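Inspection log for the structure reproduced underneath, given as structure tokens.
The values are calculated or read from the model by the stated rules, or taken from the named source; none is laboratory data. Treat the numbers as computed from the prediction; the structure is a model and nothing was measured. With ideal geometry, Cβ positions are generated from the backbone for all residues, glycine too; neighbour counts draw on all protein chains shown.
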Ligand code: NAD
Ligand code: 2YG
Ligand code: MG
């Protein structure tokens, strides 16, 4: 399990601004615009309670503070509870939270207490990064390469399939690749027989997962995976448009999905 580190979340406001600019260049809309358009929802003064959780590996420095910054960045009214865990949940509800955000090592959820809707970060992240890539204004075909088909990558790949893209999928785990091929009808990507793509989606916890042979000039790589899938050198060489941010895009997707 790949957990965030406090270093991943440094300068979260700057990371969000840069991601917003990249999403605008790729899609013509900002992150909020894509979420609004995709989920068909608009915030309406929902108050968000962020509850730190100590179980398992415990509190991640910067995590709750980053969620606070992210929710405010997207225009929500939010607060972090003083107490963690069950006491924090109680505090959040007593202080008027309509949406609860909290995460342990396995599940990061958003729960709207008014309408009962609940969201899980992994599928919400995969889906929104796929949605952003699918809107690439300069895509030259409906072909997509999806690398990493785990808890984030599989829902992302499924989203491209539902939108009518031809998805070439790859995962280092052969069983998982087989499962994705049979359940989604995607084409298994053969690294020994590569082709070029203008849309690439990556969701692995490893670096350098995208071989140079698949890169086309000005392609989009939309990747929630940490660390980055592609070296700076290759980004520059191919003029790659990179959509990558450690927490905010996925959180926006969760929040818009429960409105
Ligand atoms: P997961 O373990 O469920 O899936 C990762 C998959 O990547 C696995 O199936 C694994 O076999 C595959 N993989 C590993 N190395 C590979 C390689 N070199 N080539 C191809 N496939 C490879 O993990 P997950 O929950 O899907 O998370 C994926 C990544 O996304 C992690 O880095 C996680 O921290 C990150 N994440 C980011 C955000 C965000 O908002 N940016 C949100 C959630 C998760
Ligand atoms: O409250 C806290 O500070 C901790 N209990 C948060 C734990 C979050 C663990 N999850 C992760 O690190 C991520 N894999 C999921 C977060 C989504 C964005 N990358
Ligand atoms: Mg994100």
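Quick notes
- Meets criteria (within 19 Å of residue 226 (Cβ to Cβ), part of a strand (DSSP E or B) and touching a strand residue (DSSP E or B) at 6+ places or on another chain (Cβ under 8 Å)) for residue 146: yes
- Selection of region 12-29 for residues being loosely packed, with under 15 Cβ neighbours inside 10 Å and assigned to a loop (DSSP other than H, G, I, E, B) yields only 28.
- The residues listed here are 132, 70, 50, 100; of these, the one that is within 21 Å of residue 259 (Cβ to Cβ), within 14 Å of ligand 2 (Cβ to nearest atom), at pLDDT 95 or above and in a helix (DSSP H, G or I) is 70.
- Complete set of residues in region 143-156 that are buried (at least 23 other Cβ atoms within 10 Å of the Cβ) and more than 16 Å from ligand 3 (Cβ to nearest atom): 144, 145, 146, 147, 149, 154
- Hits in region 121-142 (condition: buried (at least 24 other Cβ atoms within 10 Å of the Cβ) and out of contact with any helix residue (DSSP H, G or I) (no Cβ under 7 Å at 6 or more places or on another chain)): 133
- Exactly one residue among 54, 42 is touching a residue at least 60 places away in the same chain (Cβ under 8 Å), surrounded by fewer than 17 Cβ atoms within 10 Å (Cβ to Cβ) and away from ligand 3 (no atom under 16 Å from the Cβ), and that residue is 42.
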